[in-house]
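Reading through the C-alpha cells given below for one structure.
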Amino acid sequence: MPRGFVVHPTYRVRDGVPVVQLYGRLEGGEGFWVEDDRFRPYFFASPGAADAARRAGGRVSESELRDLSGAPVVRVEANVPGAIPALRDAVQNAGGIAYEADLRFAYRYLIDRGVRTSVEIRGDGAPRGDGLVVFSNPELAPSPARVSLRTLSLDLETTPDASRIFAAAIAGCSVEEVHLVAERPVAGAVVYADERALLGALVARIRALDPDVVLGWNVVDFDLRVLLARCAALRISCAIGRSHEPPRLLVDQGPFTLSRAEVPGRIVLDGIPLVRDALKLPDYRLETVARSVLGRGKKIDQDVPDAAAEILRLWREEPDALAAYNLEDARLVPEILAREGLLELAVERSLLTGMQLDRIGASIASFDLLYLPELRRRGFVAPSVAEHETAVVIGGALLEPAPGFHTRVAVFDFKSLYPSLIRTFGLDPLAHGQAGEDALVAPNGARFSRSESILPRVLTELAARREAAKARGDRHADQAIKILMNAMFGVLGATACRFFDPLVANAITTFGQQTLHWTKHAFEAHGVAVLYGDTDSVFVQLGEPGSAAGDAEVLRARVEQAIASRVQREYGVTPRLVLELEEVFDRLWLPRLRGGRAGSKKRYAGFASGQLRVVGLESVRSDWPPVVQRLQEGLLVRAFTDGDPAPFVRELVDAVRSGALDAELVTAKRIRKGRLDRYSANAPHVQAARKAAGRLGPVIRYVITATGPEPVELGRALPPRIDREHYVENVMRPVAESILEDLGTSWDAVLGLPQQPQLL
C-alpha cells in the first residue's frame, strides 16, 4: 500500500457535494491527490434540541456517545460544511448544546480516521499527465511513513513601489534559476521581453517543478501578494498550485495576526517566524539572519542609502549583478533553515500533531488533533469552543529573591514540571468531568477521577518517544516533542480552547506552587538556604565543598526522594516528578527592584566556568540599545572576577559622549498594536514611527535627539544632534547603579563626580 505525507488537507464543494482533498508526497517520490466525496459534515447536540436541528434541515440520528459529564448526545449531519453554522445556531437558540460544531471539515475527516500527516492509502492510484497520482475514495489509515518533501525558495525583485516585477529567482527541486526582464542576454538568467512573459513562465515553471513547500523571506506578505496582484493586473493565471485555482491570502486571527497563503496542494512557509521562534537576534532582516547563521549576507552594498533604488539601478545598468543578487537571496533562505534544522523541526511537529506545516504553531488546534480521537475512543464528545467569562488562571509560584552577590549557587529544576504534574495527579478535562466519590482533590479544590483520563497516557507516551529520540540522536524529534509537551498547560489555560476550565488550569498551577514550596522546605531541612525560586526552579546556596550540603548531586537525590515520598503519602499516587541539577554558578547576582530594597523576580546573572549567563536583564532585551549590553555585561564580568569597574565605566562614558558609539544608541521596538492610532501614550518608538510615516515597517529603530525621538533608517546616516547625555544619565546610569550599589560603590564614585553626603 502506498504511504505518504499529507501536505495540504482541504475540501471543495462540487455539484452540491463536499469533496475532501488531500495533497501530499508519497514515499516513492510522486506527488499525490486524494479525493473522497463520501464524507459528510456533522456535529453533536443535546437530545432536547433534536427537533430544532431537524427543522433547520439537519439529519438527526441516535448516538452512543456522551459529553464529558456523561450526558447523552445525538448526531446532527448536514449536506455541506457551510450549513453547519446555521444548524449549530438552531440548536443553541432552542436552548440546546452543540458539541464539536466548529471543527474544520478536512481535519474532522482525518480525526475520524486516526490520521495525522503520515498516511497509508488503501486503493489504486491513477497517474496524471503531470506525474501526480490521484486516488478516488480510498481507505486511509495512519502509518509511520517518512517522506522527503520537495522545497522551492522564491524571491522576487520589483520596482520600489512593487508596481512591476522584473526578476524572479527560484532555488530548490534540484534547480537554481533567475528569470529576468531584459533587452539582451544576461549571464546567469533566463531573459524575457516583458513582465507578462516572465510571470507566465514563472507560474508554469513552479507547476512543473511541483514543490510541496514554497519558501521565502516575508514570502506571503510580499512575494506572493505582489505576484497575485501583478498576475491579476496583467490578466494571466497565477495557478501555482496543484489545481487550477489561484492562491488565496489568509489571516489567522488570534493573539498575533499571522498571514498565510493557501496554495492548492502546497504549503507556503515564511522563514521569518521559523527563525524568530528559534533564534534570538537583534532583528530578523534576511541580511542580519544570514550573517549570523551562515556568515555571509546579501549581494548588495549594505552602505547604500536606498537599497530599493540600488536594486533598480542594478537591473538597468548591471543586470548580471542583479541576477546574482536575486539568486543569492533565494539561496539564503533554505540554507538558513537547513543550517538550523528548522524545516525538519516543522515536519516533526506536523507528524506529531497532524497540523499542516504552516500551522504547527497553532497549539490549540494541535491539541484537538491529539485529544479528540482519544476522547472518541473512550465514548465521549468534546464541547464546541465557547466564549468564557473573564477567569483568572493562577501563575507559577515565585519565591522572594535574596538580592545581591552570592557564591556557589546551584540551580535545580523539575523536568517538564506541568506535564509531570498532569501525569502524576491525572489532571485532565475528562478526569475532571468524570470525578466520583473517590476523586483526587487538587490544592484549589478541583476534583479528578483516579481512573478516567487521557492526557497522562498521552504525555507518558510522548515522554517515552522523546527519550528514544534522544537516545538515537534525533534532535528534531526531541525538540518537537518537548514543544508539544510544554504546550499542554498553556492550551488548557487558554480561553480559546474548547476544554478551557479555570478549575483544571488552576489545579495544575496550584500543584506546581505546592511542589515548589515543598521543595524549598526539603532543601532547608538539609541545611541549605534557598535564594530564589520561580515556577519549577530553585536557586540554592551550597555549603562548603566536600560537605553533604556542598554536594549538589547528593542534595538533588535527597530532595527528589523527599518530594516523592510526600506525594505518595498525601495523595496515594505514583510520582512522576524528576528534579534535575541544571548548573552550579561560581557567582550569582540577584538584582533589586529599581529604586527599592526588595529583590527583582525573573532576573539574574550567573558566572560559571568563565562564562556569563544573563536572564531577564536589560542586556538581553531587544528593546534596549546595544550600549546597554556592553555596559551591563562588562560590569558583571568585572564584578564576578573581582575586577575594578571604574576604568571600564569611565572609558565607556567617554566613548558615548564623544560620539564614537552612536550606532550603539539605536533602540529597536515593535509596534505591536498594528496601527499607530491605537496608541494613546506618546512613547518614544510611537513618536518615531509617526515621523517615519510608515517607511520602517513594524519594528521601529530610533534615537533620542535634542528634538526628541527620531527614526533611524537602515543604510542611512543617523539623525543629527543625538542627545548623548540622555543616554549617559537616563539609560546607562540606572542600569549601572543597580550593580555598583551591590559592589559598595556608585555611578558618581566610579566617574569621580561629587557625591551627596549620606543621611544618618
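The values are calculated or read from the model by the stated rules, or taken from the named source; none is laboratory data. Since we're looking at a predicted model, the values are computed, not measured. Don't worry about glycine lacking a Cβ; one is built from the backbone with ideal geometry, like all the others, and counts go over all protein chains shown. Remember, those area values only see protein heavy atoms, side chains included, never the ligands or the DNA or RNA. Shrake-Rupley method; radii C 1.70, N 1.55, O 1.52, S 1.80 Å.
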Checklist line | For residue 286: the one exception among (1) modelled with pLDDT of 90 or more; (2) over 22 Å from residue 31 (Cβ atoms); (3) open to solvent by 20 Å² or more (accessible area, probe 1.4 Å) | finding: (3)
Notebook entry, point to check: Among 338, 309, which is the only one that is at pLDDT below 90, open to solvent by 40 Å² or more (accessible area, probe 1.4 Å) and not acidic (Asp, Glu)?
Noted result: 309
Item checked: The lone exception for residue 191 - which of (1) out of contact with any helix residue (DSSP H, G or I) (no Cβ under 6 Å at 6 or more places or on another chain); (2) surrounded by fewer than 17 Cβ atoms within 10 Å (Cβ to Cβ); (3) more than 30 Å from residue 259 (Cβ to Cβ); (4) not charged (D, E, K, R) it fails -> (2)
Margin query: Anything in the stretch 200-222 that is of a type in the set (A, V, I, L, M, F, W, C) and under 13 Å from residue 170 (Cα atoms)? List them, or say none.
Written below: 201, 202, 203, 204, 206, 208, 209, 213, 214, 215, 217, 219
Notebook entry, point to check: Pick from 198, 228: which is at negative phi and either part of a loop (DSSP other than H, G, I, E, B) or buried (at least 22 other Cβ atoms within 10 Å of the Cβ) (or both)?
Noted result: 198
Note to self: I'm trying to understand the selection: among the residues of the stretch 1-57, which are in a strand (DSSP E or B), under 25 Å from residue 384 (Cβ atoms) and open to solvent by 50 Å² or more (accessible area, probe 1.4 Å)?
What the structure shows: 11, 12, 13
Check: Can residue 423 be described as among the basic types (Lys, Arg), buried (at least 18 other Cβ atoms within 10 Å of the Cβ) and touching an Asp or Glu at 6+ places or on another chain (Cβ under 9 Å)?
Finding: no
Check: When both residues are 6+ apart or on different chains and their Cβ atoms are under 9 Å apart, which pairs have a first residue that lies in the stretch 207-225 and is open to solvent by 60 Å² or more (accessible area, probe 1.4 Å), and a second that is part of a loop (DSSP other than H, G, I, E, B) and among the hydrophobic types (A, V, I, L, M, F, W, C)?
Finding: 207/239; 207/240; 222/162; 225/162
Next item on the list: Mind listing whichever residues of the stretch 426-458 are open to solvent by less than 20 Å² (accessible area, probe 1.4 Å), in contact with a strand residue (DSSP E or B) (Cβ under 6 Å, 6 or more places away or on another chain) and not in a loop (DSSP other than H, G, I, E, B)?
Entry: 431, 440, 448
Notebook entry, point to check: Would the stretch 477-487 turn up any residue that is surrounded by fewer than 18 Cβ atoms within 10 Å (Cβ to Cβ), polar (S, T, N, Q) and outside any loop (DSSP other than H, G, I, E, B)?
Noted result: yes
Notebook entry, point to check: Condition test on residue 385, is it under 25 Å from the mean Cα position of the chain (by Cα), surrounded by fewer than 20 Cβ atoms within 10 Å (Cβ to Cβ) and either at pLDDT 90 or above or assigned to a helix (DSSP H, G or I) (or both)?
Noted result: yes
Item checked: Answer from 372, 312, 345 - the residue that is over 30 Å from residue 530 (Cβ atoms), assigned to a helix (DSSP H, G or I) and in contact with a His (Cβ under 9 Å, 6 or more places away or on another chain) -> 345
Notebook entry, point to check: So which strands (runs of 3 or more DSSP E) are wholly in the stretch 66-177 and hold at least 3 residues that are under 23 Å from residue 21 (Cβ atoms) and in contact (Cβ under 8 Å) with a residue 24 or more places away in the chain?
Noted result: 118-122, 133-136, 139-142
Margin query: residue 60 - would you say it is in a strand (DSSP E or B) and over 28 Å from residue 504 (Cα atoms)?
Written below: yes
Notebook entry, point to check: Got at least one residue in the stretch 596-613 being within 15 Å of residue 731 (Cα to Cα) and not in a helix (DSSP H, G or I)?
Noted result: no
Item checked: Residue that is touching a Pro at 6+ places or on another chain (Cβ under 6 Å), open to solvent by 50 Å² or more (accessible area, probe 1.4 Å) and at pLDDT 95 or above, where the choices are 670, 650, 638 -> 638
Notebook entry, point to check: Within the stretch 293-342, how many residues are among the polar types (S, T, N, Q) and under 30 Å from residue 474 (Cβ atoms)?
Noted result: 0
